[in-house]
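I have placed the structure first, in the form of structure tokens, so that the comments after it can refer back to it.
The values are calculated or read from the model by the stated rules, or taken from the named source; none is laboratory data. None of the values given here were measured: they were computed from a predicted structure. All Cβ positions, glycine included, derive from the backbone under ideal geometry; neighbour counts span all protein chains shown.
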Amino acid sequence: MTEEKKVSIEKLQGYYCFACGTANPIGLNLEFYRLGDSVCSDIILGKYYEGWQNMAHGGIISTLLDEVMSWTILYFKKVFFVTRKMDVKYVNPVFLETPLTIKGTLRDESEPPKIAVKAEIRDDKRKLLVRSRGEFVILPEERLSSVPDDLKQDMLSLFRRFR
């Protein structure tokens, strides 16, 4: 069996998205990479992301899943979209200070304008901690009026640079 190669995914600089933004001083500043037909991100959550003592807050966990599913769509579909719904199943506790990998993969059963994606979080021992299924909706150009033109242009330019 051949090991898949990690391919770094470029992201926009200077935006304030809590999950991936580079300009947000309290954000997660997630980095992404392609691994085969998936998009992944690695992180170690510290005390600022605590829910119950020594465990990650469920909202932060949902944010990680939503963001990796979103970047899966951005990378593979190169479209503008919004999250319509997410189902999250917390399988095992997500402990702080533990290396985590979040992995998103497109699901086959979607029909435009919907896009179905699944995601999971595993620890450094490959133990499944959380899994999710999301439904996203592609936004046509006429529905992007609230998105600033410079952001639209930056995103379109980013799409062209994805391999």
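Within segment 108-118, one or more residues are under 30 Å from R160 (Cβ atoms), in contact (Cβ under 8 Å) with a residue 40 or more places away in the chain and basic (K, R). Selection of segment 80-103 for residues being in contact (Cβ under 8 Å) with a residue 60 or more places away in the chain and within 25 Å of L144 (Cα to Cα) yields only F80.
Taken together, the criteria place D123 among residues that are at pLDDT 95 or above and of a type in the set (D, E). Screening D37, D66 for residues that are of a type in the set (D, E), at pLDDT 95 or above and more than 20 Å from L151 (Cβ to Cβ) leaves exactly one candidate, D37. Applying the criterion of being outside any loop (DSSP other than H, G, I, E, B) and among the aliphatic types (A, V, I, L, M) to the residues of segment 1-56, the residue that is farthest from V117 (Cα to Cα) is M55. The set of residues from segment 11-48 being farther than 18 Å from K103 by Cα and β-branched (V, I, T) comprises T22, I26.
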